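Q: Quick one: the structure is below, questions incoming.
The values are calculated or read from the model by the stated rules, or taken from the named source; none is laboratory data. Values in this document were obtained by computation on a predicted structure and should not be read as measured data. Quick reminder, even Gly has a Cβ in these numbers, built from the backbone with ideal geometry, and neighbours come from all protein chains shown. These area figures cover heavy atoms from the full protein model, side chains too; ligands, DNA and RNA do not enter into them. Shrake-Rupley method; radii C 1.70, N 1.55, O 1.52, S 1.80 Å.
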Amino acid sequence: GEARFSADLDDYAYLIQGLLELYEANFDMKWIRLAEELQAMQDKKLSDPEGGYFFTAEDDPNLIRRSKEYYDGALPNSNAVSVLNLLRLYGLTFHERYDEKAKKTLESSSLFLSKHPGAFGQMLIALNYYLDRSKEIAIIGKLQDPETEKLLAFFRREFLPNKVVAFTSEDKAQDLPITAKKTMKEGKTTVYVCENQTCKLPTTDIEVIRKQVSEIKRYSLD
């Protein structure tokens with residue numbers, strides 16, 4: 001229970017990433033709430049008005065200058081991880097501030113990406129998420145239902161990197177914007193596959209779901 005050291009960008013970015021993964025593992029809303037709380041702290045302490053995040057807080061007494069880096073090292077770059085965190089939070093909550101912050105960070109790193117793309121792999125992954133028709137997937141049903149488990153297993157097994165997945169019961173659907181106003185279809189666990197808050201027809205058929213999530217529209221950087 002003792003806090004002895006100031007958190008840096010790595011601490012915030014990787015912890016928030018872990019909390020988002022925890023949410024998609026057990027769909028407990030407390031992980032989303034904590035992720036949003038930490039993201040607000042990161043924005044307050046480390047955000048650069050010009051875009052991106054400094055590695056340390058302004059009041060850190062140990063450094064002469066505040067650094068801001070985008071290239072990968074032994075670990076994926078924490079600015080890039082932050083962009084992915086922001087985009088995932090936006091996909092779950094639809095709060096525009098997350099999307100705007102992610103876009104500004106990508107813009108601030110664009111010169112580096114264009115000149116030396118090989119050094120910025122994680123930021124390119126984040127850029128791909130931003131430019132792609134990333135999926136917002138809402139599942140409404142009962143957690144202990146075999147069909148629910150089958151659907152969740154499908155999303156955990158398939159390689160669908162540019163997505164967020166939310167699950168809840170009908171009575172708690174209002175707890176998160178991505179699931180709000182969505183209901184079960186004919187009493188069965190129902191999946192809504194959406195892009196930019198526009199949803200395809202809800203379905204309970206896993207083959208229809210497979211087709212919906214695999215639809216890709218190619219984008220261009222020109």
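Q: I'm checking my understanding of the structure. Among residues of segment 42-61 that are farther than 14 Å from TYR14 by Cβ and among the hydrophobic types (A, V, I, L, M, F, W, C), which one is farthest from the chain's Cα centre (by Cα)?
A: At the first step, the residues of segment 42-61 found to be farther than 14 Å from TYR14 by Cβ are 43-45, 47-52, 54, 56-61.
With among the hydrophobic types (A, V, I, L, M, F, W, C) added as a condition, the list becomes 54, 57.
Details: PHE54: 20, ALA57: 24 Å.
Here the residue is ALA57.
Q: For residues in segment 29-79 being basic (Lys, Arg) and crowded, with 16+ Cβ neighbours inside 10 Å, which is modelled with the highest pLDDT?
A: LYS45
Q: Let me ask something else about it. Give segment 94-115 a look and list any residue that's among the polar types (S, T, N, Q), part of a helix (DSSP H, G or I) and surrounded by 18 or more Cβ atoms within 10 Å (Cβ to Cβ), or say none. Write out each step before concluding.
A: If we filter segment 94-115 for residues that are among the polar types (S, T, N, Q), which is where we start, we get 105, 108-110, 114.
Remaining after also requiring part of a helix (DSSP H, G or I): 105, 108, 110, 114.
Within segment 94-115, just THR105 meets the criteria.
Q: Just for segment 1-28: of the residues that are surrounded by fewer than 19 Cβ atoms within 10 Å (Cβ to Cβ) and of a type in the set (Gly, Ala, Ser), which one is farthest from GLU96 (Cα to Cα)?
A: By that ranking, first place goes to GLY1.
Q: Scan segment 7-19 and report the pairs whose first residue is farther than 11 Å from ASN79 by Cα and whose second residue is open to solvent by less than 40 Å² (accessible area, probe 1.4 Å), with Cβ atoms within less than 6 Å and a gap of 6+ or a chain change.
A: From segment 7-19, the pairs are ASP8/THR56; ILE16/ALA35; ILE16/LEU38; ILE16/GLN39; ILE16/ASN85; GLN17/VAL81; GLN17/ASN85; LEU19/ALA35.
Q: Does LEU143 satisfy being outside any helix (DSSP H, G or I), among the hydrophobic types (A, V, I, L, M, F, W, C) and open to solvent by 60 Å² or more (accessible area, probe 1.4 Å)? Give the derivation first.
A: Working: outside any helix (DSSP H, G or I): yes; among the hydrophobic types (A, V, I, L, M, F, W, C): yes; open to solvent by 60 Å² or more (accessible area, probe 1.4 Å): yes.
Yes: the conditions hold for LEU143.
Q: Would you tally the residues in segment 173-189 being of a type outside the set (A, V, I, L, M, F, W, C), touching a helix residue (DSSP H, G or I) at 6+ places or on another chain (Cβ under 9 Å) and in contact (Cβ under 8 Å) with a residue 12 or more places away in the chain?
A: Going through segment 173-189 one residue at a time, the tally reaches 7.
Q: Might you check whether a residue that is open to solvent by less than 20 Å² (accessible area, probe 1.4 Å) and part of a helix (DSSP H, G or I) occurs anywhere in segment 166-173?
A: yes
Q: Here's a follow-up. When the residues of segment 62-87 are filtered to those that are of a type in the set (A, V, I, L, M, F, W, C) and part of a loop (DSSP other than H, G, I, E, B), which remaining residue is nearest to the chain's Cα centre (by Cα)?
A: LEU75
Q: So, one more: Could you identify the single residue in GLN197, GLN144, GLN212 that is touching a residue at least 24 places away in the same chain (Cβ under 8 Å) and not aliphatic (A, V, I, L, M)? Quick ask: steps written out before the conclusion?
A: Numbers: GLN144 fails: touching a residue at least 24 places away in the same chain (Cβ under 8 Å); GLN212 fails: touching a residue at least 24 places away in the same chain (Cβ under 8 Å).
Only one candidate passes the filter, namely GLN197.
Q: Okay, next question. Taking the stated definitions as given, is GLY118 more than 26 Å from GLU215 (Cα to Cα), among the small types (Gly, Ala, Ser) and part of a loop (DSSP other than H, G, I, E, B)?
A: No: the conditions fail for GLY118.
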